[in-house]
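Reviewing the structure listed below.
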Amino acid sequence: MEFPKRHSLISFLLFLSTFIVQHFAAVNSVGVNYGTLGNNLPPPAQVAQFLKEKTTIDRVKLFDVNPDILLAFAGTGIFVAVTVPNGEIPNLVNKKYARRWVGDNIKPFYPQTKINYVLVGNEVLHWGPQNLIDNLVGAMRSLHNALIRSGIEGVNVTTAHALSILESSDPPSLAKFRPGWDKGDLAPILQFLRQTKSPFMVNPYPYFGYSPEKADFALFKPNPGVTDKFTKKLYTNMFDQLIDSVYTSMKKLGYGDVDIAVGETGWASAGETFEPKCTIPNAASYNGGLVKKYNQGAGTPLLPGRKFETYIFALFNENLKPGSLAERNFGLFQPDFTPVYDVGIMRGTAGVPDQPVPTPTPSVPTPPSPVPKPPTQGNKKWCVPKAEATDAQLQSNIDYVCSQSGMDCGPIQANGACFNPNTVRAHASYAMNSWYQSKGRNNFDCDFSGTGAITSSDPSK
């Protein structure tokens, strides 16, 4: 193609640069989860201005559809992913309801606000109940069709998964999705994502897999690495191991071509006395290592050179989050925009400081009440309720566990062997530990929305 006039060439170059920005910006920068569980957080307009002017962050993910935030990010060029509340999933299967939802929540803001994803629920398979799981794919399809009918073609529909969807992750070559969820739920989800060219979004947290002997491996620090004896691939960090486990599991179902995105990952910078892993140096090492890895574009041993769209958890320390002190200290920033530590996302900076500021002094939790001894299956670790967990939270844990196929809650029913002491906390301890033991004793199987803690001390003694 020839451009005989200078202005024609300039026009072409401007068009080309605009095309590149619009179509390849999706892998420019690490994103962040923007939570709002705090009574001291700055107004959304200030947040949008701060991210645009002071940081390299070019995308945020919300856990709801907040109109004030969507309005504040209009015209900033920052991508915004929104999340449909889990309880809305059954309603969205209805086509008319889905069209109304799009008309109320997306259309008034798009395209002025660059909404890139609508996530249908969050970790639905992990938390259930079954009614939401059964309606998940139908809701995703209905919402996708509603967006298209509304003339909105630049917004993808997906959903984020906890890594409890994996039966195992070590070594990655033997990883697979949990039976029942694999073909019954995840295969239809992956089929929808393939058809709509949307990513499979997962929430990998090396934070939950941390142990002192694996600290360097979890925190992106130099270490000898671990070799997968079947593929001969060397893994030097837990994040790569988890991502390749997801990829292997997808490939075994025949969906290795679907892209992977990271919806959440992060590290707490402070915690209770029983959470020694929650320090500023550890959080800076993990999140700083994650940003460095992303910027290098190295990929994983099984997916070399691949950049995974990634959202760090979280933007701010949120003082109203339930759970332990750690839950309120996942933020990269304090509510006054002061960085908790540096991970290289501030404009004009490039790395993690050598001397991080001292770790805040954590509060001392109240010791847990005595509980009956749940089944341990020979394991020397137990999952117990955190001291600050409320009875309402613990009852919700009991209801969830006891509604799942294969879980026996008979011992905590009237006349059962572990019915006494007849308290919500005692019964929750049995139910939560039963779940933890039966699911393979993975740390994330004791999370229970921040209300569970793993202990090596027998709680019945």
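The values are calculated or read from the model by the stated rules, or taken from the named source; none is laboratory data. These numbers were taken from a predicted model, which means no experiment stands behind them. Virtual Cβ from ideal backbone geometry, glycine too; neighbours counted across all protein chains shown. Ligands, DNA and RNA are excluded from the accessible area calculation, which covers all protein heavy atoms including side chains. Shrake-Rupley method; radii C 1.70, N 1.55, O 1.52, S 1.80 Å.
Taking the options PHE239, PHE230, name whichever one is closer than 26 Å to GLU123 by Cα and touching a Ser or Thr at 6+ places or on another chain (Cβ under 9 Å). Break it down into steps so the answer makes sense when it comes.
Working: PHE230 fails: closer than 26 Å to GLU123 by Cα.
Unique residue meeting the criteria: PHE239.
Provide a single number: the residues in region 266-300 that are open to solvent by less than 30 Å² (accessible area, probe 1.4 Å) and assigned to a loop (DSSP other than H, G, I, E, B). Counting residues in region 266-300 that are open to solvent by less than 30 Å² (accessible area, probe 1.4 Å) and assigned to a loop (DSSP other than H, G, I, E, B) gives 11.
Could we say that HIS126 is part of a helix (DSSP H, G or I) and either aromatic (Phe, Trp, Tyr) or within 27 Å of LYS321 (Cβ to Cβ) (or both) here? Criteria met by HIS126. Of all the listed residues (ALA74, ALA139, ALA146), the sole one being surrounded by fewer than 18 Cβ atoms within 10 Å (Cβ to Cβ) and of a type in the set (Gly, Ala, Ser) is ALA74. Here region 422-443 is the region considered, the condition is being modelled with pLDDT under 85 and either among the acidic types (Asp, Glu) or surrounded by fewer than 21 Cβ atoms within 10 Å (Cβ to Cβ) (or both), and the residue that is nearest to TYR210 (Cα to Cα) is ASN443. Picking from residues in region 249-289 that are touching a residue at least 40 places away in the same chain (Cβ under 8 Å) and basic (Lys, Arg), the one that is nearest to ARG194 (Cα to Cα) is LYS252. Residues in region 99-123 that are surrounded by 18 or more Cβ atoms within 10 Å (Cβ to Cβ), part of a loop (DSSP other than H, G, I, E, B) and over 22 Å from the mean Cα position of the chain (by Cα): 4 in all. Somewhere in region 327-339, is a residue crowded, with 19+ Cβ neighbours inside 10 Å and touching a Lys or Arg at 6+ places or on another chain (Cβ under 6 Å)? Yes, there is a match, as at least one residue in region 327-339 is crowded, with 19+ Cβ neighbours inside 10 Å and touching a Lys or Arg at 6+ places or on another chain (Cβ under 6 Å). Contact annotation: residue pairs with Cβ atoms under 6 Å, 6 or more positions apart or on different chains, pairing a residue in region 126-142 that is over 14 Å from ASN397 (Cα atoms) with a partner that is open to solvent by 10 Å² or more (accessible area, probe 1.4 Å) and not in a helix (DSSP H, G or I), are ASN135/VAL93; GLY138/VAL93; ALA139/VAL93; SER142/VAL93.
Every condition in (1) in a helix (DSSP H, G or I); (2) modelled with pLDDT under 80; (3) among the hydrophobic types (A, V, I, L, M, F, W, C) is met by VAL352 except one, and the failing one is (1).
In region 397-411, what count of residues is obtained for those that are without any contact (Cβ under 8 Å) to a residue 40 or more places away in the chain and open to solvent by less than 70 Å² (accessible area, probe 1.4 Å)? Selection size over region 397-411: 7.
Of the residues ILE89, ILE57, which is open to solvent by less than 40 Å² (accessible area, probe 1.4 Å), touching a helix residue (DSSP H, G or I) at 6+ places or on another chain (Cβ under 7 Å) and assigned to a loop (DSSP other than H, G, I, E, B)?
Working: ILE89 fails: assigned to a loop (DSSP other than H, G, I, E, B).
Within the list ILE89, ILE57, the selection yields ILE57.
Pairing residues of region 37-52 that are more than 15 Å from THR76 (Cβ to Cβ) with residues that are β-branched (Val, Ile, Thr), at Cβ distances under 9 Å and at least 6 apart in sequence or on separate chains, gives LEU41/VAL47.
Condition (residue is assigned to a helix (DSSP H, G or I), open to solvent by 40 Å² or more (accessible area, probe 1.4 Å), of a type outside the set (A, V, I, L, M) and modelled with pLDDT under 95) applied to region 39-52: is it met by at least one residue? Within region 39-52 (the criterion being assigned to a helix (DSSP H, G or I), open to solvent by 40 Å² or more (accessible area, probe 1.4 Å), of a type outside the set (A, V, I, L, M) and modelled with pLDDT under 95), the answer is no, since none of the residues qualifies. Do you know which residues across region 220-242 are over 17 Å from the mean Cα position of the chain (by Cα), touching a residue at least 24 places away in the same chain (Cβ under 8 Å) and open to solvent by less than 30 Å² (accessible area, probe 1.4 Å)? Within region 220-242, ASP228, TYR235, ASN237 qualify.
Can you find even one residue in region 434-456 that is more than 26 Å from THR265 (Cβ to Cβ) and of a type in the set (A, V, I, L, M)? Scanning region 434-456 turns up no residue that is more than 26 Å from THR265 (Cβ to Cβ) and of a type in the set (A, V, I, L, M). Here GLU388 passes the criteria (1) exposed (fewer than 15 other Cβ atoms within 10 Å of the Cβ); (2) outside any helix (DSSP H, G or I) except the one numbered (1).
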